[in-house]
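S.K.: First the structure, which I've put down as structure tokens, then a few questions once you've had a look.
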Amino acid sequence: MIRYIISVIIGYLFGCIQTSYFIGKIIKKTDIRSLGNGNAGASNATKVFGWKYGIIVALIDIIKPIASIILIHYLWNNILAADELIFLKFLNGLGVILGHNYPFFMKFKGGKGTASLIGMLIAIDIKIAIIGIVLIVLTTIITDYIALGTMALVISFVITLIIFEYPFYCILISVIIAAMSIYKHIPNMINIKNKTETGLRQVIRKK
């Protein structure tokens, strides 16, 4: 049990590395949570700081879970069975997303965890990561909305785990992560319905 708790805590601390928040405070002298949609993540950083900063934020947010899961691997790879190790990695990835979405030092107001989920998938199963990345890219290009691309990503996450016959507890974690993402994107869905959501092409043209 202690390993499970440690895995989540390590992930949470990695997730609390808030790239967009630090860029806003240090470089832009502002709090990103007071701009755009108030989200401290890559998509809002792209909208308010420009696509170059958005790419930087996304890359670092992707690296966070990769580094965290690699650490978990090296901590317990030689002493745990494969099934338990993969469970610890999923718990760790969940911890990263929780830290990214709900950082303690920002009054639990962070991002939405999309880039962190991509990093988690890259670290755990490159096949599932490729499927998810292709879907989020294609859906975003076709619809012009990152939020809809993210929905394709999280839904594919759950479905591909089932297809590749991952253990039930891994699928359960994927459902939790997908539910958190869908909940976080409800305002975006409302904006899309009302035709007030900023599209990706508009962001790229403006910046």
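S.K.: Nearest 0.05, what FRET efficiency do THR143 and ASP31 give at R0 = 22 Å with Cβ-Cβ as r?
M.R.: With a Förster radius of 22 Å, E is 0.15.
S.K.: What is region 52-157 by shape, rounded, prolate or oblate, if you read a ≥ b ≥ c off the alpha carbon gyration tensor as root eigenvalues and call it rounded for a/c under 1.5, prolate for a/b larger than b/c, and oblate otherwise?
M.R.: oblate
S.K.: Sticking with this one: Compute the FRET efficiency between LYS109 and ASN194 as 1/(1 + (r/R0)^6), taking r as their Cβ-Cβ distance and R0 = 22 Å, and round to the nearest 0.05.
M.R.: Between LYS109 and ASN194 the formula returns 0.40.
S.K.: I've got another one for you. Evaluate the charge dipole of region 2-206 about its Cα centre and quote only its size in Debye, nearest 20, assuming +1 on the Cβ of each Lys and Arg and -1 on the Cβ of each Asp and Glu.
M.R.: Computed about the Cα centre, the dipole is about 1020 debye.
S.K.: What residues have an amide H closer than 5 Å to that of GLU197, excluding those fewer than 5 places away on the same chain, when H is modeled at 1.01 Å from N in the peptide plane?
M.R.: Correct list: ILE192.
S.K.: OK, next. Looking at the chain, do any whole DSSP H helices span at least 20 angstrom along their long axis by alpha carbon and average 0.5 or above on Kyte-Doolittle, and which?
M.R.: Result, helices passing both filters: 51-76, 82-101, 126-143, 146-163, 168-184.
S.K.: Quick check on region 1-95: what are the equivalent-ellipsoid semi-axes from the Cα gyration tensor, as sqrt(5λ), descending, whole Å?
M.R.: Semi-axis lengths for region 1-95 are 32, 12, 10 Å.
S.K.: Relative contact order for region 2-206: what is it in percent, counting Cα pairs under 8 Å that are at least 6 residues apart?
M.R.: So the answer I get is 22 percent.
S.K.: Further question on the same structure: Could you work out the helix-only [θ] at 222 nm for the chain, with each DSSP H run of four or more residues adding -39,500 (n - 2.57) and the total divided by the number of residues, to the nearest 500 deg cm²/dmol?
M.R.: -24000 deg cm²/dmol
S.K.: Using 0.36 nm per residue of separation minus the Cα-Cα distance, give me the extension gain between GLN202 and ILE130 in nm, one decimal.
M.R.: Stretched fully, the GLN202-ILE130 segment lengthens by 23.3 nm.
S.K.: Using the Cα atoms as the points, what is the convex hull volume per residue of region 100-149 in Å³?
M.R.: In region 100-149, the Cα hull volume divided by residue count equals 65 Å³.
S.K.: Only counting other Cβ atoms within 10 Å, I'd like GLU165, GLU84, GLU197 sorted with the fewest neighbours first.
M.R.: GLU165, GLU84, GLU197
Laboratory data are not the source of any read-out in this text; all were calculated from the coordinates shown. Since the model is a prediction, treat every value here as computed from it, not as a measurement. Reconstructed Cβ throughout: ideal geometry from the backbone, glycine too, with neighbour counts over all protein chains shown.
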